[in-house]
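Chemist: For reference, the structure I am asking about is given below.
The values are calculated or read from the model by the stated rules, or taken from the named source; none is laboratory data. These figures come from a predicted structure and were not determined experimentally. Neighbour counts run over all protein chains shown; Cβ positions are idealised from the backbone, glycine included. Accessible surface is based on the protein model in full, side chains and every heavy atom, while ligands, DNA and RNA are left aside. Shrake-Rupley method; radii C 1.70, N 1.55, O 1.52, S 1.80 Å.
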Amino acid sequence: MALNPVTPDIIARLKGALPASAFREAAPHYLEEPRGRWAGQAGVIVAPETVEQVSAVIAAAARDRVPLLPYGGGTGLVGGQISAEGTAPILLSLERMRAIRGLYPEENLMIVEAGAILSDVHDAALGADRLYPLSIASKGSARIGGLLATNAGGVNVLRYGNARELCVGLEAVLPDGQIWHGLKRLRKDNTGYDLRDLLIGSEGTLGVITAATLRLAPRPAGEGTALMVVDSPAAALALLSMARDHMGEGVSAFELMHLAGLEFLAETLPDIRQPFADPPEWFVLIDVGLARGLDPATALETLFAQAFEAGLVSDGMIASSEAQRHDFWEVREQIPEANRRIGSVSSHDISLPLGAIPDFIARAPDVIARIGAFRINCFGHLGDGNLHYNVFPMPGRSRHDHMNERAAIKQAVHDLVDEMGGSVSAEHGIGRLKVADLERYGDPAKLSAMRAIKTALDPLGIMNPGAVLRAEAV
């Protein structure tokens, strides 16, 4: 059965249930996404201020069988926040639900509403001498609800885990309008099916997250950052193993970067301070946070000396100030922006078993070369196996010259990832971009169970239709 459009009568009923301040004009940012691949649509845009108002909107959508699209910060890269086809939905923005409802530093917990911006959550945690470890480049605009709905990763997964591991409870509105009050501050609650884990990563297809109990961490007494030059990804993996042997869980991030990233930064963002006079082919950024009594600079110096003796590193530098730490991280965090300005033909958010990464990096260029001549920028969170493997036109050409080759490149890369036991979506989710990929590479039993869950919780098919699963599969 087809979904119904948003009619004037439906809008009138919404206006009877919500204050006038909840309604929004169709500003461009609601209907765009960062890569410019889709133009969205909305029958009406509402921004509730309370969970009860969210419940009223979803109940109205269910009553009239109208599609509903949850919207966070709009920073998703797979189109989960964009409805480009089908019936224009009610776009439900969480932007007004930004409150911090509770802060419990002695429990290492914080309760925040779904519209809270990640950087504001960071600041609130720091104000209580705590750390909320989830960190991504779009922290100034990404919102907690969207981060949980996509099970976001970021640079600190190696030590602290994905968004799922950093959440102990949720408040959410289910597809029939029921409110689930799951904001418990419990580390152990073994009372049946875990709705928290079900909703995290569901991308708004099973309900709308309205608040979360987040897991905090003590702030490390000392932090340090280093850049070290390695001659290969295999050497980088060996260095990672050595670093963890030396510092255990004190290794917070371990990022692999390639010469292409530095070249793209020089070409598009020349004001970014380049760390090397002679740019290397491969290098890693290591970030550590240690307990009292341990000096990060000394630990990194010892690591470098032993890695140099073992032939794993040939050069490096250890940040001597917070400003230099910032400069090192600025290189890593601005590479995605440099990529965007160059314009990729095909971008891939993939994960692989750690031991398979060197072989993948060695084999993938040959697979792509069978299609044509391209530049590759491979970088990412080596510590958790997540690579961003992006393919770009050669100098003097643009992505538009290769639009007819994009599908072949993506399939070639993803086929190799699947062959090597990896995943074609490491941290960005499925959204609308990777629905066909999930069908191609997903385990049949898992897909069957996912469709059964979707049908059971959202029998009308109103929740973010077309994201994760094809709408007709509901």
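Chemist: Taking amide H atoms as placed 1.01 Å from N in the peptide plane, list the residues 5 or more away in sequence, or in a different chain, whose amide H sits under 5 Å from that of CYS167.
Modeler: Here ARG215 satisfy the definition.
Chemist: Once R0 is set to 30 Å, what does the formula 1/(1 + (r/R0)^6) return for the Cβ-Cβ distance between THR191 and GLU165, expressed as a FRET efficiency to the nearest 0.05?
Modeler: 0.90
Chemist: For the range 135-141, what does the Karplus curve 6.51 cos²θ - 1.76 cosθ + 1.60, with θ = phi - 60°, yield as ³J(HN,Hα) per residue in whole Hz, taken in order and with x for Gly and Pro?
Modeler: 9, 9, 4, 8, 4, x, 9
Chemist: Listed highest first by mean packing, meaning other Cβ atoms within 10 Å per residue, what order do 420-427, 337-344, 151-158, 196-203 come in?
Modeler: 151-158, 196-203, 420-427, 337-344
Chemist: Let's test the formula: R0 of 51 Å, r as the Cβ-Cβ distance of GLU32 and GLU309. What FRET efficiency results, to the nearest 0.05?
Modeler: Working from the Cβ atoms, E equals 0.50.
Chemist: Right, something else. Sequence neighbours fewer than 8 away in the same chain don't count; with that in mind, list the lysines whose C-alpha is under 16 Å from LYS454.
Modeler: The reachable lysines, counting only those whose Cα sits under 16 Å from LYS454, are LYS446.
Chemist: Ordered by residue, what ³J(HN,Hα) values in Hz, to whole numbers, does the range 112-121 give under the Karplus form 6.51 cos²θ - 1.76 cosθ + 1.60, where θ = phi - 60° and Gly and Pro are x?
Modeler: 10, 7, 5, x, 5, 7, 4, 5, 5, 5
Chemist: Here is a follow-up. Quote the charge dipole size of the chain about the Cα centre in Debye, to the nearest 20; the model charges only the Cβ of Lys and Arg (+1) and of Asp and Glu (-1).
Modeler: Value, rounded to 20: 1400 debye.
Chemist: Roughly speaking, what is the centre-to-centre gap between the range 107-162 and the range 262-308 when only Cα atoms are used, to the nearest Å?
Modeler: Here the answer is 24 Å between Cα centres.
Chemist: Across the range 170-178, in residue order, what do the Karplus-derived ³J(HN,Hα) couplings come to in whole Hz, using 6.51 cos²θ - 1.76 cosθ + 1.60 with θ = phi - 60° and x for Gly and Pro?
Modeler: 9, 10, 8, 10, 7, x, 9, x, 5
Chemist: Then there is this: Find which of LEU170, ILE117, LEU312 sits farthest along the positive direction of the dipole of the chain, computed with +1 on the beta-carbon of Lys and Arg, -1 on that of Asp and Glu, about the Cα centre.
Modeler: Value computed over the given set: LEU170.
Chemist: A further question on this structure: In angstroms, what radius of gyration and Dmax does the chain have, counting Cα atoms only?
Modeler: For the chain, the Cα-based Rg and Dmax read 22.9, 74 Å.
Chemist: Roughly what would the spin-label model give for PHE23 and GLN178, points 7 Å off Cα along C-beta, in nm?
Modeler: Calculated label separation equals 3.2 nm.
Chemist: Write down the accessible area per residue of the chain in Å², having rolled a 1.4 Å probe over the full set of protein chains.
Modeler: The answer is 42 Å² per residue.
Chemist: Might you report the magnitude of the Cβ-based charge dipole of the range 343-415 about its Cα centre, with Lys and Arg at +1 and Asp and Glu at -1, to the nearest 20 debye?
Modeler: In total the dipole reaches around 260 debye.
Chemist: Still on this structure, I have one more. Report the charge-dipole magnitude of the range 213-300 in Debye, nearest 20, computed about the Cα centre from +1 at each Lys and Arg Cβ and -1 at each Asp and Glu Cβ.
Modeler: Computed about the Cα centre, the dipole is about 500 debye.
Chemist: Could you tell me the largest-minus-smallest coordinate of the C-alpha atoms of the range 329-474 on each of the three principal axes, in descending order and whole angstroms?
Modeler: Cα extents, longest axis first: 50, 35, 35 Å.
Chemist: Now, a different point. Along the Cα-to-Cβ line of ALA2, 7 Å from the Cα, sits a label point; which residues in the range 88-104 have backbone N less than 16 Å from it?
Modeler: 88-89
Chemist: Hey, another quick one. Within the accessible area of the range 1-82, what % is carbon and sulfur when the probe is 1.4 Å and the other protein chains stay in place?
Modeler: 55 percent
Chemist: If you don't mind, there's one more thing I want to ask. May I ask you to derive the FRET efficiency for HIS400 and ARG273 from their Cβ-Cβ distance with R0 = 25 Å, giving the value to the nearest 0.05?
Modeler: The value I calculate is 0.20.
Chemist: At 1.4 Å probe size, with the rest of the protein present, what percent of the exposed accessible area of the range 168-268 is carbon and sulfur atoms?
Modeler: Taking all protein chains in place, the range 168-268 shows 49 percent carbon and sulfur surface.
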